[in-house]
Amino acid sequence: MLAATHPTFPDVIVFVLSAVVILAGAVGVVASANPVHAALSLVATLFGVAVLFVEQDANFLAAVQVIVYAGAIVVLFLFVIMFLGVDRRENIEVEPLRGQRPLAFALMAAVLGLVIALAASAHWVTGAHAVSGSTSTGHHTNVYLLGKSVFTTYLWAFEITAGLLVIAVVGAVVLARRPPPVREDEAEGRRAPVGEARDGGERGDGGERGDGGERGEVADVSTHEEVVG
Amino acid sequence: MSLNGYWYLILAAVLFCIGALGVLVRRNVLVMFMCIELMLNAANLTFVTFSRMLGDIGGQVLVFFVLVVAAAEVVVGLGIVVAIFRRRASTTADDLHILKG
């Protein structure tokens with residue numbers, strides 16, 4: 001494989017620094033009490049992964065990683081966190097299920113050890129080389145090779161991707177839209193069952209959560225007013 | 001020439017396990033989403049490493065598609081979080097037991 005070529009000293013430094021940034025960011029995502037801090041730690045991890053992409057000659061993917069992940073997805077996360085107003089510390093000291101954390105740690109340590117042991121015993125990578133196109137064909141750049149592959153071999157998958165994105169956009173709009181207020185003449189027939197269902201649901205909330213119940217009460221009052229008026 | 005591929009594979013495995021640990025341990029839905037992103041990134045790093053080790057561009061194409069799917073997943077997932085927050089005023093996964101039998 002590549003065992004014959006010796007890495008240069010800067011490569012080792014770049015890898016070690018990126019690995020430290022990636023792992024520190026990942027631990028920060030898991031261990032931050034504040035969701036905003038978790039999102040910022042996620043940016044560190046994504047940058048570290050982008051550096052390792054460059055290190056492995058995947059230049060286009062490194063750029064896309066920074067633009068799409070760090071630029072769009074994390075901003076979307078931060079937008080939702082601040083839009084919902086949940087940008088405050090939460091108590092992560094208490095364990096909702098007793099013994100869950102030690103079990104999760106043990107499970108993940110076992111999975112990690114087994115995966116690495118399996119991969120090492122299987123010589124890390126096996127299979128034919130350069131089946132769907134080589135990564136090093138002379139003077140062509142990474143972007144050229146990737147684009148050629150996406151628009152020839154994987155064209156069908158690429159076009160299905162467009163459909164997926166459209167579905168995601170439509171789904172997000174439908175999910176985030178407020179339900180339209182029910183007009184009285186339209187709601188004549190189905191008012192009673194809807195009201196009952198909502199009352200029952202909100203009452204169930206109120207028993208367990210104070211603020212949720214109050215919000216439910218307010219919503220109920222407003223709907224009753226609509227009905228009366 | 002960069003390091004042997006297995007260093008990258010080990011790093012990706014560790015990153016994936018940290019992300020999975022976060023999904024198992026954390027209760028905030030938003031943080032759980034971020035941990036899923038960590039796992040997707042670990043998979044992407046593995047794909048790029050295999051792409052280099054085998055000299056095959058297909059791994060990088062697959063990372064491209066994973067990025068697209070991750071973007072769509074985040075958009076729909078955060079839409080669901082916002083819709084749930086409107087009803088429950090909470091982003092804790094333990095509160096979402098309406099469907100429990």
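Values in this text are rule-based calculations from the coordinates and carry no lab data. This one's a predicted model, so the numbers in the text were calculated from it and none came from an experiment. In this analysis, Cβ positions are derived from the backbone assuming ideal geometry, glycine residues included, and neighbour counts consider all displayed protein chains.
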**OP:** Compute the whole-percent fraction of alpha carbon pairs in chain B spaced more than 20 Å apart.
**Re:** 50 percent
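Treating the beta-carbon of each Lys and Arg as +1 and of each Asp and Glu as -1, no other charges, what is the dipole magnitude of chain B about its Cα centre, to the nearest 20 debye?
Details: 7 positive and 5 negative charges, 75 e Å.
Charge dipole of chain B: 360 debye, to the nearest 20.
Where a ≥ b ≥ c are the square roots of the eigenvalues of the C-alpha gyration tensor, would you call segment A:11-90 rounded, which needs a/c under 1.5, or, failing that, prolate if a/b is larger than b/c, or oblate?
Numbers: a/c = 5.37, a/b = 1.66, b/c = 3.23.
Cα axes put segment A:11-90 in the oblate bin.
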Original post:
Which whole-number value in Å³ per residue fits the convex hull of the alpha carbons of segment A:61-170?
Top reply: 204 Å³
Subject >> Label-to-label distance, nm, for residues given as B:Leu99 and A:Ala157 (7 Å Cα→Cβ offset) >> reply: 2.9 nm
Original post:
For segment B:61-101, what's the radius of gyration and Dmax over Cα atoms, in angstrom?
Top reply: 14.1, 43
**OP:** Working from Cα positions, state the angle (0 to 90°, nearest 10) between the long axis of helix B:5-25 and the longest principal axis of chain B.
**Re:** 10 degrees
